[in-house]
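Heads up, the thing below is written out as structure tokens.
Bear in mind these aren't lab numbers, they're just calculated from the coordinates by the rules spelled out. Here the structure is a predicted model, which means the values were calculated and not measured. Reconstructed Cβ throughout: ideal geometry from the backbone, glycine too, with neighbour counts over all protein chains shown.
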Amino acid sequence: MGYMGLANCKECGKLFMQNPAGLCPDCYRIEEENEEIVAKYLRNNRRASITEVHEATGVPEKVILEMIKKG
């Protein structure tokens with residue numbers, strides 16, 4: 001039985017103190033940066049497809065899809 005406050009990051013697998021995001025601090029920071037990049041791009045390109053957003057921003061398509069699911 002493991003310590004209840006520790007978990008493995010669902011993105012990179014590192015051990016970290018549990019949080020609602022399920023991400024270590026490094027991956028959480030990257031996720032926030034990606035969200036900001038995509039949001040900034042979409043302000044000027046509202047009708048862009050996921051592929052277009054990926055190509056323009058470099059943010060992986062799976063990350064963009066997760067953003068859409070989260071709203």
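Got a sec to turn the phi values of the range 23-30 into Karplus ³J(HN,Hα) couplings, 6.51 cos²θ - 1.76 cosθ + 1.60 with θ = phi - 60°, whole Hz, x for Gly and Pro?
10, 5, x, 5, 5, 5, 4, 5
Near residue 21, within a Cβ-to-Cβ distance under 13 Å, what is the net charge of the other residues, with Lys and Arg +1 and Asp and Glu -1?
That works out to -3.
For the chain, what is the relative contact order in percent, using Cα pairs closer than 8 Å and at least 6 residues apart in sequence?
The normalised contact order for the chain reaches 17 percent.
Cross-link candidates for residue 40: which lysines have Cα within less than 19 Å, leaving aside residues fewer than 8 places away along the same chain?
62, 69, 70
Which percent of Cα pairs goes in each bin when the distances of the chain are cut into 5 angstrom slices starting at zero?
The percentages, shortest bin first, are 3, 16, 24, 20, 13, 11, 7, 4, 2, 1, 0.
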